[in-house]
Amino acid sequence: MGLGLWLATAPFVFGVFDQTEFSSAVQSVTEDRGLWPAAFRNTLTGWNDVICGGLIMVFAAFSMSPRNGWAQWANAVIGVWLLGAGILFWAPSAAVYSNDMLVGALVVALTLLIPMMPGMSMEGMMDETDTPPGWTYCPSTYLQRIPIIALGVVGWC
C-alpha cells in the first residue's frame, strides 16, 4: 500500500503536471520521432501514476484477505504495466521514468516473487523428499550443480 501511495503522489512531488519547459534534448527527440508534445506525454505519465497508485492501494487492501489471491495477481499486472508504461508514453522526465521502473519492479517482487505464489499451499511447497517423482537421483544436489557452475564461470571469463 505504501508503494501505491508513493506512486499516486509522485507526480505532484516531481511537478509533472506543472512542467511546461523541457530540455533541448527532449524537444529534439520529440521532433525527430514525431511524438506527441512533451507536456502531453508528461501529463499522461502523471495520470498513469496516479491511477496505478490508487489501484495498487485498492488491490493491496483486498489482498490482505487470504480469499482474495486474485488481488496479488492484479497488483503484479499493474507492476508489469509500470515497467513498460514509461517506454510506451516516452516519459520526458528521467526521474519519473526511473520511479515507475523502480515501483513496478518492487510491486512485482513484493506480490509474487518474495511471498509464496497466490493459490499455492505451504504443504505443496514443503515436500520432504529430495528426489522428484520418477527420478532416481536429486538433480538439485551440489554434485549435480558443479558442472553447471563451472560452465557458468567459464562463460563469464
For this session: Please list, ordered by first then second residue, the pairs with beta carbon atoms under 8 Å, 6 or more apart or interchain, first in region 1-19 and within 14 Å of ASN75 (Cα to Cα), second open to solvent by 90 Å² or more (accessible area, probe 1.4 Å).
Result: LEU3/LEU110
For this session: State which residue pairs qualify: first residue without any contact (Cβ under 8 Å) to a residue 12 or more places away in the chain and inside region 139-154, second residue of a type in the set (A, V, I, L, M) and not in a helix (DSSP H, G or I) in any location, beta carbons under 9 Å apart, and separation of 6 or more residues or different chains.
Result: none
Exercise. Does at least one position in region 110-117 carry a residue that is surrounded by 14 or more Cβ atoms within 10 Å (Cβ to Cβ), without any contact (Cβ under 8 Å) to a residue 40 or more places away in the chain and not in a loop (DSSP other than H, G, I, E, B)?
Worked result: no
Exercise. Here are some residues: VAL108, VAL50, VAL153. Which one is more than 30 Å from LEU35 (Cα to Cα) and modelled with pLDDT of 90 or more?
Worked result: VAL153
For this session: Would you point out the residue of region 49-79, among those that are among the aromatic types (Phe, Trp, Tyr) and open to solvent by 70 Å² or more (accessible area, probe 1.4 Å), that is nearest to TRP6 (Cα to Cα)?
Result: PHE62
Seminar exercise, completed: Among the residues of region 19-44, the number that are within 17 Å of ALA94 (Cβ to Cβ) and not in a helix (DSSP H, G or I) is 5
Exercise. Taking region 80-109 as the region of interest, how many residues are exposed (fewer than 15 other Cβ atoms within 10 Å of the Cβ) and either of a type in the set (D, E, K, R) or touching a residue at least 60 places away in the same chain (Cβ under 8 Å) (or both)?
Worked result: 1
Exercise. Quick one: which of VAL50, VAL77 is free of Cβ contacts under 8 Å to residues at least 12 places away in the same chain, part of a helix (DSSP H, G or I) and out of contact with any Leu (no Cβ under 7 Å at 6 or more places or on another chain)?
Worked result: VAL77
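The values are calculated or read from the model by the stated rules, or taken from the named source; none is laboratory data. Here the structure is a predicted model, which means the values were calculated and not measured. Backbone-built Cβ (ideal geometry, glycine too); neighbour counts: all protein chains shown. Side chains included, ligands, DNA and RNA excluded: accessible areas come from the protein's heavy atoms. Shrake-Rupley method; radii C 1.70, N 1.55, O 1.52, S 1.80 Å.
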